[in-house]
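Visitor: Structure provided below as structure tokens; questions to follow.
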Amino acid sequence: MPSQILLLRVIRWLAILALAALAGAWAWSLMAPRQPGREAAVLGGATLPPGVVIGGPFQLVDHNGQAVTEQTYAGTWRLMFFGFTHCPDVCPTELQRLATVLDSLGPRAQRVTPLFVSIDPERDTPSALSAYVELFDPRIVGLTGTPEQIAAVTRSFRVYSAKVPLDGGSYTMDHSAFVYLMRPDGSFGTLFPPDVPPERITAALVARIEEGG
Ligand code: NI
């Protein structure tokens, strides 16, 4: 019915606008000239509004078909990105960015687990993910799961995603494209907007790793 479709469109646009506002705020805080106080606040994730929790426990399957949880990666910094292997441009760009970060970290990359979480479990089987992440960097771990498991993890990370039908019966996915930095204890560290230069992600990680985190 038209009114329901209109309502869905309004809800979708409100979600996109809310994410854009969040991205703008983070981009501003990350791009602003370096000031020791500001940098510390951003790196510590202290700018999250009170009561807002990002992340949490999850149950997924890695690209080798192994069941994993957030505990599987305990003790390492996690760079998490949510996307899908059929993505025409955003996901390849972001995964290339993560590969650049891993290269520039040198041996410190051993302290970091890069996770690519599928928002398209229907098509992103473990083997499809395995072939895909290999194109960018073999250190990147692809994660997928049942539709329910993916719905749960996207909810807890506040990821926006929506299926968009294409002519011919196929579909693509709309999705938010933040890079999440999670601490070794699994708690939220910080969030990078989609267009952040890889040097900023590397600098944030190096600062945290050398702090002894
Ligand atoms: Ni994408």
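Visitor: VAL53 is checked against (1) modelled with pLDDT under 95; (2) more than 15 Å from the ligand (Cβ to nearest atom); (3) within 18 Å of HIS175 (Cα to Cα) and fails just one. What number does that condition carry?
Guide: (3)
Visitor: Taking only pairs six or more apart or across chains, which ones have beta-carbon atoms under 8 Å, a first residue in region 171-193 that is touching a residue at least 40 places away in the same chain (Cβ under 8 Å), and a second residue that is among the charged types (D, E, K, R) and in a loop (DSSP other than H, G, I, E, B)?
Guide: Short answer, once both residue conditions are applied: MET173/ASP120; GLY189/ARG183.
Visitor: Looking at region 124-150 only, could you name the residues that are free of Cβ contacts under 8 Å to residues at least 60 places away in the same chain and surrounded by fewer than 15 Cβ atoms within 10 Å (Cβ to Cβ)?
Guide: Residues satisfying the conditions are ALA131, GLU134, LEU135, PRO138, THR146, PRO147, GLU148.
Visitor: Looking only at region 161-202, count how many residues are under 26 Å from GLN71 (Cα atoms) and outside any strand (DSSP E or B).
Guide: 11
Visitor: Residues in region 57-111 that are under 21 Å from ALA131 (Cα atoms), part of a loop (DSSP other than H, G, I, E, B) and either away from the ligand (no atom under 16 Å from the Cβ) or in contact with a Gly (Cβ under 7 Å, 6 or more places away or on another chain) (or both): how many?
Guide: 4
Visitor: If you don't mind, another one. Under the condition of being surrounded by fewer than 17 Cβ atoms within 10 Å (Cβ to Cβ) and within 16 Å of the ligand (Cβ to nearest atom), which residue from region 151-167 is nearest to PRO194 (Cα to Cα)?
Guide: Going residue by residue through region 151-167, those that are surrounded by fewer than 17 Cβ atoms within 10 Å (Cβ to Cβ) are 151, 155-156, 162-167.
Now narrow it down to the ones that are within 16 Å of the ligand (Cβ to nearest atom): 162-164, 166.
Working: ALA162: 18, LYS163: 20, VAL164: 21, LEU166: 24 Å.
The residue in question is ALA162.
Visitor: Based on this model, can you work out whether LEU143 counts as in a strand (DSSP E or B) and within 16 Å of the ligand (Cβ to nearest atom)?
Guide: Details: in a strand (DSSP E or B): yes; within 16 Å of the ligand (Cβ to nearest atom): yes.
Against the criterion (in a strand (DSSP E or B) and within 16 Å of the ligand (Cβ to nearest atom)), LEU143 qualifies.
Visitor: Considering only region 168-191, how many residues are more than 16 Å from the ligand (Cβ to nearest atom) and either within 29 Å of VAL101 (Cβ to Cβ) or at pLDDT 95 or above (or both)?
Guide: Kept after step one, since they are more than 16 Å from the ligand (Cβ to nearest atom), are these residues of region 168-191: 168-169, 181-191.
Those still in the list that are either within 29 Å of VAL101 (Cβ to Cβ) or at pLDDT 95 or above (or both) too: 181-191.
Number of matching residues: 11.
Visitor: Select, from LEU115, LEU205, the only residue that is among the hydrophobic types (A, V, I, L, M, F, W, C) and part of a strand (DSSP E or B). If you could, list the steps in order and put the result at the bottom.
Guide: Numbers: LEU205 fails: part of a strand (DSSP E or B).
Selected residue: LEU115, the only one of LEU115, LEU205 that is among the hydrophobic types (A, V, I, L, M, F, W, C) and part of a strand (DSSP E or B).
The values are calculated or read from the model by the stated rules, or taken from the named source; none is laboratory data. Quantities reported herein were computed from a predicted structural model and do not represent experimental measurements. Here Cβ is always computed from backbone atoms with ideal geometry, including for glycine, and neighbour counts include all displayed protein chains.
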